[in-house]
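The values are calculated or read from the model by the stated rules, or taken from the named source; none is laboratory data. Just so it is clear, the model here is predicted, and its values are computed rather than measured. Cβ sites come from the backbone with ideal geometry, for glycine too, and all protein chains shown count toward neighbours. Calculation scope for accessible area: heavy atoms of the full protein, side chains included, ligands and nucleic acids excluded. Shrake-Rupley method; radii C 1.70, N 1.55, O 1.52, S 1.80 Å.
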Amino acid sequence: MLSRVAESIYWLNRYIERAENVARLVDVNLHLLLDLPEMFEGQWDALVHVSGDYEDFKERHGEANQSSVIEFLTFDRENPSSILSSVMAARENARSTREIITSETWEAINEFYLSITAPGAKDQAIQNPHEFFRGVRRASHLVEGANSETSSRNEGWHFARMGRSIERADKTTRILDIKYFLLLPDISHVGTAVDDIHWGAVLRSAGAFEMYRKAYGKVTANSIVRFLLLDAQFPRSVRHCLTRMDKSLHMVTGTPERSYSNSAERRLGQFLSELEYADERDIMRQGLHEYLDMLQTRINEVGDALHETFFALKPVTEAAAG
C-alpha cells in the first residue's frame, strides 16, 4: 500500500473518532448541567482547557459559556479539532481513497458530513444539544460499522483501526481529565454526593457507565481510574485501545508480537508494558492530572513514531538510487 494512501486512511479514521469524542467531551458538561444546574454553568471553561485549545478559544471567543464553547468545539472552521473541521477533513481523506474504502463507508462519511453542514444543524446544537451530540456519536458508529463489516482485514483496515485506537486512547484521557478541572473550584466536594455526580458524568461521557457498574458496582475514584485507563476488556480504556493498535501494527509489519522492527513498535511496546503493570493506587498517589498529562505525551510520541515509520517522505540515498 502506498504511504500516502495508508496515511489518508489512518487520518480519516482519526478524524471520525475525534468528532465523536469531542461530542463526548461536551456531553460531560451537559450531564452536569442536568444534575447540578445551579453549580456548573461556569464549568464550560474546564471543557476548553481539556480540549487543549484554550489560548485559541480565549483569543477568538473570550468568555466560556454554553453557546461559545459549543460553537468553538462544534462548528468553528478555524478550530482544527472542531467536529465540523474533523468531519470535513475525514471526508477529504475519504475522497482521495475512494478506490480503497468501500462504497458503504464513503456513504456513511458523506451522510455524516451532510448532517453537520445542514442549514439547521447549528440551531439544533443550541436548542437540543443532547439529541444533536447523540446524533454525532451515532454517525461515527455508522462509519465504524460500515468499515468494519464491509472491508477485508488488509493493510488499509489495520491502518484505519490504528487511527481510531490512538485517537480514542487520547480522548479517553481527556474525558477523565475533566474531573481534575472540576475539582479546582472547590476541593471540599471530594467524597460527597457532588463528587459521585462528577464521576458519573465522566463515565457516561466515556460510554462506560453501564459496564463500569456491572464490573464494580459502587462509584469510587480508584476503580474508575482502573476501568478507564487499565482495563484490558473495555473497548474505550486506554490499555485496550493501545493493545488493539499494537496488534494491527504488528499485522502490517509482520513482526512477531512482543518484538519490534521499528521505532513505532518499540515505543508502543514499552508504553503497553508499563500500562500492563500499572496500579491505580500509584496513579492516584502521584496525581491523576499529572499521570494523564504523561499519557497524552506518550500517546503523541507513539503517533509521531508511526508517522516517521510509515508516512514521512524519506530522501533516496545514492546507494538506493544505484
Sequence ranges 288-297, 159-168, 104-113, 172-181, ranked by mean other-Cβ count within 10 angstrom, highest first: 159-168, 172-181, 104-113, 288-297
Tally of Lys pairs whose C-alpha atoms are under 27 Å apart, taken over the chain, 8 or more apart or cross-chain: 11
Candidates H158, H61, H240: whichever shows maximal mean-square fluctuation once the chain is modelled as a Gaussian network with Cα springs under 10 Å: H61
Solvent-accessible heavy-atom area per residue, rounded to whole Å², over the chain at 1.4 Å: 46 Å²
Size of charge dipole - the chain - debye, nearest 20, with Cβ of Lys, Arg +1 and Asp, Glu -1, no other charges: 920 debye
³J(HN,Hα) computed for each position of the range 98-113 - Karplus, 6.51 cos²θ - 1.76 cosθ + 1.60, integer Hz, glycine/proline x: 4, 6, 9, 6, 7, 5, 5, 5, 4, 4, 5, 5, 5, 5, 4, 4
0 to 90° range, to nearest 10: angle between helix 83-95 axis and the chain longest Cα axis: 20 degrees
Which of S148, H49, N29, positive extreme of dipole for the chain (C-beta unit charges): S148
Positive-end residue of L292, G254, P129, charge dipole of the chain with Cβ unit charges: G254
Carbon and sulfur %, accessible surface of the chain computed with the full protein complex present, 1.4 Å: 50 percent
Most mobile of Y54, Y15, Y216 in a GNM of the chain (Cα contacts under 10 Å): Y216
Ranked packing of 114-122, 86-94, most packed first, by mean Cβ within 10 Å: 86-94, 114-122
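Based on the alpha-carbon gyration tensor of the chain and its eigenvalue square roots a ≥ b ≥ c, which shape applies: rounded if a/c is under 1.5, prolate if not and a/b is larger than b/c, or oblate?
Working: a/c = 1.85, a/b = 1.29, b/c = 1.43.
Note, shape of the chain comes out oblate.
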About the Cα centre, charge dipole magnitude for the range 1-147 (Lys/Arg +1, Asp/Glu -1 at Cβ), debye: 520 debye
Note, ³J(HN,Hα) from phi for the range 235-240, Karplus 6.51, -1.76, 1.60, rounded to Hz, x at Gly and Pro: x, 9, 6, 4, 4, 5
Karplus-derived 3J(HN,Hα), 6.51/-1.76/1.60, for each residue of the range 145-161, Hz, glycine and proline x: x, 4, 5, 5, 8, 10, 10, 5, 7, 9, 4, x, 5, 5, 5, 4, 5
